[in-house]
1. By its C-alpha gyration tensor, with a ≥ b ≥ c as the square roots of the eigenvalues, how is the protein assembly as shown shaped: rounded for a/c under 1.5, else prolate for a/b larger than b/c, else oblate?
2. Where nothing but the Cβ of Lys and Arg (+1) and of Asp and Glu (-1) is charged, how large is the charge dipole of segment A:463-590 around its Cα centre, in debye to the nearest 20?
3. Mind running the shape call on segment A:64-273? Use the C-alpha gyration tensor, a ≥ b ≥ c as the square roots of the eigenvalues: rounded below 1.5 for a/c, prolate if a/b tops b/c, oblate otherwise.
4. Out of A:A566, A:Y531, B:N236, whose Cα points farthest toward the positive end of the dipole of the protein assembly as shown (charges: +1 Lys, Arg; -1 Asp, Glu; placed on Cβ)?
5. Can you give the longest run of chain B that contains no GluC sites (Glu not before Pro) sitting in a DSSP loop with at most 11 other Cβ atoms inside 10 Å?
6. Could you list which residues have their amide H under 5 Å from that of A:F608, counting only those 5 or more apart in sequence or on another chain, with H placed in the peptide plane?
7. Given the C-alpha centroids of segment B:1-65 and segment A:385-401, what is the distance between them in whole angstrom?
8. Would you mind checking the pairs A:K368/A:K708; A:K808/B:K9; A:K93/A:K577; A:K104/A:K654; A:K512/A:K577; A:K528/A:K763 and listing those with alpha carbons more than 32 angstrom apart?
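The values are calculated or read from the model by the stated rules, or taken from the named source; none is laboratory data. The shown structure was predicted, so the numbers you read here are calculated from the model rather than taken from an experiment. Here Cβ is always computed from backbone atoms with ideal geometry, including for glycine, and neighbour counts include all displayed protein chains. Quick note on the areas: whole protein, heavy atoms, side chains included, nothing else; ligands and nucleic acids left out. Shrake-Rupley method; radii C 1.70, N 1.55, O 1.52, S 1.80 Å.
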Amino acid sequence: MQALWILIRAQIKNKKGSYISIFILTFIIGFMLSSSLSLVVNIQSAAREAIIASDFGDLYFNFNLNYVPTSQDFNNLEQMPEINRVRPLKKIKITSEAGSILHKNGDKTKVSWQPAIYVYDKDNLPLRLLSEDKTSYLPNNRLTPPQTGKIYLPIAFMSMYGADFGDTYIIEAEEDVFEYEVSGFVEDITQINMISIGEHNVYLNSVDFSEFEKKCEEERENVDETESLLTDYLNEYNYTYTLHLNIADEYGNYNTDKLFQSIEDATGLRNKSFFYGDDDMFVYFASLVSYLVLLVILVFVVVLFIAGLAILNFNIYSSIEAEYKNIGVMKAIGLKKIVFNLVYLLSYLTVIIMGLVIGSLLSAPLLKSVKPLVLDLTGMLGGTKLALAVLAPVYLFLIIVCLLLILWQLRSINKIKPYKVLREGKQAVYKSSGLNIKLKKPLFNLRLSFKQFTASAGTYFASVFVITILFFFVLIGFSMTTLMAPDHMMEECWGFDWDLMVFYQNHDEYEKQHPEVDELILKETAVKDSYIVYNHIVNGLDQNIVTFSIPEEYIDRMTSLIEGRAPRSADEIAVTKILADSKDVKIGDEIRLSHRDKEAEYTVTGFFQTTNNVGRSVALTTSAIERLLGDSYSDELTQVWYVFEDQTLSDRVKEKINAEYPDLKVTSVIETFETYGLMSDAFDILPAFIIAFTLVFVLISSFLLAEKIFYREQIDFGIMKAIGFKNSVTRQVFSLRFLIVALLGLISGSLIFYFGANPMLNKLVNLMGLSKVTIRVPLIQVLFTALVMLAVFWLIAYVISRKIKSLKVRDLVADV
Amino acid sequence: MEKVILDVKNLDKVYVSDGVKNQVIKNMNLEIYDGDFTVIMGPSGSGKSTLLYCLGAMEDVTEGSILFQGEDITKMKENTLSDLRLKEFGFIFQQIHLISNLTLFQNVILPGLALPESTNKDIYERADNLLEKFQVKHVSQRLPSQVSGGEQQRAAIARALINQPKVLFADEPTGALNQNNSEIVMDLFSELNRNGQSILLVTHDRRAALRGNRIIYIIDGAVKSEMKLNSYDSANLKDREHTVNTWLSSLSW
């Protein structure tokens, strides 16, 4: 026992650098894993808590103004054995104007889309309220509706529009203006995702809400019972419902798709809704950003872990090699193999476990500090606990891998025979001659260096491997930056080419305003192209899908077609690849779309991609959508998309239009760039982060390797000095190998990137609804990074080799 | 008149370790002559190896000077000393010290290729000739670990001679060899000396010492005595042995 303890202490004392590097690596791994996994778990928990606290229910339907569920619908639902509770919540929308926020400082922010107005009803949907200091939720007994003249907004408004307590929320109708003081922010789980498709929920008390109800009733008196699309949009004040359903306990394990199908069969409500989903879906959407963050961090962690394994492998290998003679002597005097094994196992595993634990503990303050960011991103107060239940098995796995690696390396201790050690000494270790390279002039130094490299190629393998992986991820980082560049995102993610979008609330408005708006635009800039686009939400392939319908002559403006061709006729359709893959749809297949009681079949002509509706989209001609929706397809929101000669003018054109037509919704590509730009900015720092990381690792790797190689070969250096090699030549011969190592790593990293990056990045973009990415790597930056890596790796070795200068020849060659 | 190739004046060498001084060479004055086979002998710790390494420009001195062809090597910079070791001196070690992952041939040509003015053809030819002469050409493509100790040492001698040095230094060249190989190696030295090669050899092996034409006996870092002999001739071995043994006995060897 005492012998073991003495050996462990000596091991740690002599190999301090190795243990420190392993500790640093495992610390960083523990820190990153702990932060990211805990973040995901905390956000998921927060979402679940939000679902439970608000009594959200298991299934959710949201209806657009083109359908108002009737009491018969509710009865039909209640009759279903699968459903044990039906809660309809009345929703009022004003079609004339979107809302706006007047901030306390006098600035005004326009809120996109009309608000969906609800009563804050604690008995039906007790949404939690954020405290004024934004660090907690109010207790249950303080969940009261807003006072008359006041309004609750979703927490998401705080980050999206800069809304704050005390601001004024304004709803402008044609003849009325409604102003409310913002007195609270609600945790509304639907507002994380649905804000992006136009549903901005706001909450009033019943008194204020009843004002809108009255107006709806007044306007509704003349509504046709068949509720055609056209009739609805004659009204300014409209109501419909959202439905929250609870599943009966005995059907709790049923497949949700099947449940929605049952509801459709019994009531037809699924197809009549514009959005439906279950609680799991909302938890997923709430957690989506954290999944992306986790994915990126996991990439780093994998890199770090592989690098750590390589360093651990190298440290043990070279430690055994360096202690070869001592181990042989100790074996000769009777120490058993188990003692040596325990020395390495206990010392390294202790350091690894310490690194993971300390890294995890220190991630706790980080989790606390990102709480406000989580609030901004998710509209929820995330927890700050460490996800120990998730971390424990992950860490156990990592430790087992390390343990297996150490045991694998320790096999070589078995092979150390005392008599051989005592007879041949250190030279017994080095037997390989490497490649048969002819030593001659010119480039004698390089040839000798390469020869020495090949003679112990295995020693360098780990470093080559580390540089390969690091450079691969440098390239990934760069390609993600170009991937996330706004113009690239527009091309790949939107699916269609546009610089300006003008939205007309309905066809009448389009007919009235479009000619003038068009003329105004033409005065401002040269227009390359313009075309009408309609979006509808229909049902197809067992889910809600967004349709893009464009006139035949323009439909090939699709920028993200990845297979097949654009649809041309009324019975053709293009589907997103991700949707097609999920339902095993091939080009040439027929798919059915339905909307309310109408259906139509289409032949798939091609696949495209878009992040719209997370990839759940289709594209078809206007004649094709007319087959499904009838000629009233154009009654709804009509968009005109423009492509300019000079894209940079789109913001200016938008300002001009809004000056003349303040009620018209216009979106410019520049402002969308800015939205994408936020994400792009985040990914812009990714390469810098990866490069910094990489250089640190290159530094550590080179240092460790150079030290070990120098120690191992210093007698050879002594011989070379003795036979007349100048110090500079000997240093070159030593350090050139590191250039070779780095170069091999860079080349293999590039090759792996060339062949492997696509599948990897495609997996990442799948999360956003895309299925294919075009990888573009900025060549100059990559070459520069490669050169820096080469230089650093070589330079460290050259610096280490300065020891050659100070070593006495006699000391080196007198070693026996 | 014998030409002095190495002239040692008032040489001191002191090692300091953990604050403790150890004077290994004390005010030594010595001349080494061109064409001589000079053997340095002495008991363990007498400073003979230290003297060899100082003369071979591999160890610096504390005091004094060492003139090689009139130039003081103790004042030379490292690069000049490297040139000296490359062009003028050849060194043979007790541990042989061939580079383990180079073949015998590659070990031999290594110093030759380091010489800026050499050509590949000259070096390759010279290496071939040397290896042939030392009867190791047939194993020249093997690694040191794949040949015997004697073959390794003969390759090491070839390496030391590749650049046609003025002086060949040998530190116990037969120390790691068996008797048979020792004889072969010493025969080589004798032949080289017969052809005019200046050799400075350190040994505690009496049989190796017989090969020299001048034996210097060192004790406690100073020259105690020296003996001159005729050139080595195996026919007169017994007499030579007797003469040297008597002399060594008088020195309490």
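1. Details: a/c = 3.62, a/b = 2.96, b/c = 1.22.
Prolate, since a/c reaches 1.5 and a/b exceeds b/c.
2. Numbers: 9 positive and 24 negative charges, 120 e Å.
Charge dipole of segment A:463-590: 580 debye, to the nearest 20.
3. Working: a/c = 2.06, a/b = 1.30, b/c = 1.58.
The shape class here is oblate.
4. Sorting the options by dipole projection puts first B:N236.
5. Numbers: sites that count: B:E2, B:E117.
The answer is B:118-253.
6. Excluding prolines and chain starts, which carry no amide H, the hits are A:I562, A:V575, A:T576, A:K577.
7. 66
8. Numbers: A:K368/A:K708 42 Å; A:K808/B:K9 23 Å; A:K93/A:K577 34 Å; A:K104/A:K654 27 Å; A:K512/A:K577 38 Å; A:K528/A:K763 35 Å.
Correct reply: A:K368/A:K708; A:K93/A:K577; A:K512/A:K577; A:K528/A:K763.
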